[in-house]
1. Can SER222 be described as within 19 Å of the chain's Cα centre (by Cα) and at pLDDT 95 or above?
2. I'd like to know if the range 120-134 contains one or more residues that are closer than 27 Å to ILE68 by Cα and of a type in the set (Val, Ile, Thr).
3. Just to verify a result, which residue in the range 29-41, among those that are without any contact (Cβ under 8 Å) to a residue 24 or more places away in the chain and in a helix (DSSP H, G or I), is surrounded by the fewest Cβ atoms within 10 Å (Cβ to Cβ)?
4. Would it be correct to say that ASP215 is out of contact with any helix residue (DSSP H, G or I) (no Cβ under 8 Å at 6 or more places or on another chain), more than 20 Å from GLU133 (Cβ to Cβ), assigned by TED's automatic domain parsing to the domain that holds ASN165 and in a loop (DSSP other than H, G, I, E, B)?
5. Of the residues in the range 154-194, how many are surrounded by 15 or more Cβ atoms within 10 Å (Cβ to Cβ) and part of a loop (DSSP other than H, G, I, E, B)?
6. Can you find, within the range 88-140, the residue that is surrounded by the most Cβ atoms within 10 Å (Cβ to Cβ) among those that are modelled with pLDDT of 95 or more and of a type in the set (Phe, Trp, Tyr)?
7. Going by the structure shown, is PHE224 in contact with a Lys or Arg (Cβ under 8 Å, 6 or more places away or on another chain), free of Cβ contacts under 8 Å to residues at least 60 places away in the same chain and farther than 18 Å from LEU280 by Cβ?
8. Is it fair to say TYR137 is in the same structural domain as LYS253 (by TED's automatic domain parsing), farther than 20 Å from GLU67 by Cβ, more than 24 Å from the chain's Cα centre (by Cα) and aromatic (Phe, Trp, Tyr)?
Amino acid sequence: MVLLERLSSNNFENFKNLNLERFSKENYDKNFFEYYENEKFFLKIFLKKFVKLFIYRKEVIGYIWYEIPVEMPMRVWSLYIKPEYIDLLSPEILKSFNNTILSYETCNDEDTNRMLINLGFKKVKPSLLMNIELSNYTKAVQVALLKNSLEHNSNVINSLNNLYNGNIRNINITTEKVLLDRDEELRCKIQNSVFSATTRIPLEVEDIQNDIEQDYYMEDLSLFIKLNNIAIGYGQIIFNRDMYTVVNFGILKEFRGYGFGKILLNELINAAKKMQINELFIRVEENNYSALKLYNWIGFKSKSIINKWER
């Protein structure tokens, strides 16, 4: 029977070896030791509390690392079982988590899928992970021409005037960094408007402030796109899971279909290149055809399928 055991000094090296085994192959997990090695002593002790090891006949055969349990669902950052032991797994092993919901995002592969099914997880939603090598980016000239053509677009001018009771005759398209301690409310408003038709829970300003405080946040890569100083979209690049990833990207529905998404994504790419970033990633639902069309046009290529699982 497979059991769970707390991480301790006695089994820490076993965990370290399993972590190396996990990250010897491509995956979507977070690496525990990238966080652990940089923390102070008391925080190292705290982090270890959220790792459990899978034990079979006194042998360490796997591990689960999960976040501090303050939110629902509780995210699993890394989960690995040696492939030869996967058929021994059952939902009963994780019974200590029965009073919460575990959420885990991982690459789509046969061993991982079988492991999660045996542990009682159910697949919730797949998405596509795409990437682009920025040295191969070729759309800057086309985006510049598009931007010039939109400055006198009568439909855009009419939409802007109708929405904001203006008397605008020409469009000035700019992108601007989100300014800390000033633009949080505006960003919150834009993101809630962009994603209002999805299943996202509406954000509050505190959520934006919390995002800014995270290690993954990059101040210079958090941008609004504005028409005559009126924000109509937002996007950012974060550094998470060893990847620079475009997130929270979108344009207000009244201004979709004109090419403003291309302009904003182009500016994010330019900003990333200035910071010597060589590769960008983005995730998109497989049935979000308009987003896929944009990302494919920019030059993103499909890399892998990321499945979301819950238990």
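The values are calculated or read from the model by the stated rules, or taken from the named source; none is laboratory data. None of the values given here were measured: they were computed from a predicted structure. Because the Cβ atoms are built from the backbone with ideal geometry, glycine has one as well, and the counts that use them run over all protein chains shown.
1. Here the answer is yes, as SER222 does meet what is asked.
2. Looking through the range 120-134, at least one residue is closer than 27 Å to ILE68 by Cα and of a type in the set (Val, Ile, Thr).
3. Per the stated criteria, the residue is PHE41.
4. yes
5. Residues meeting the conditions: 4.
6. So the residue we want is TYR104.
7. Yes.
8. Criteria not met by TYR137.
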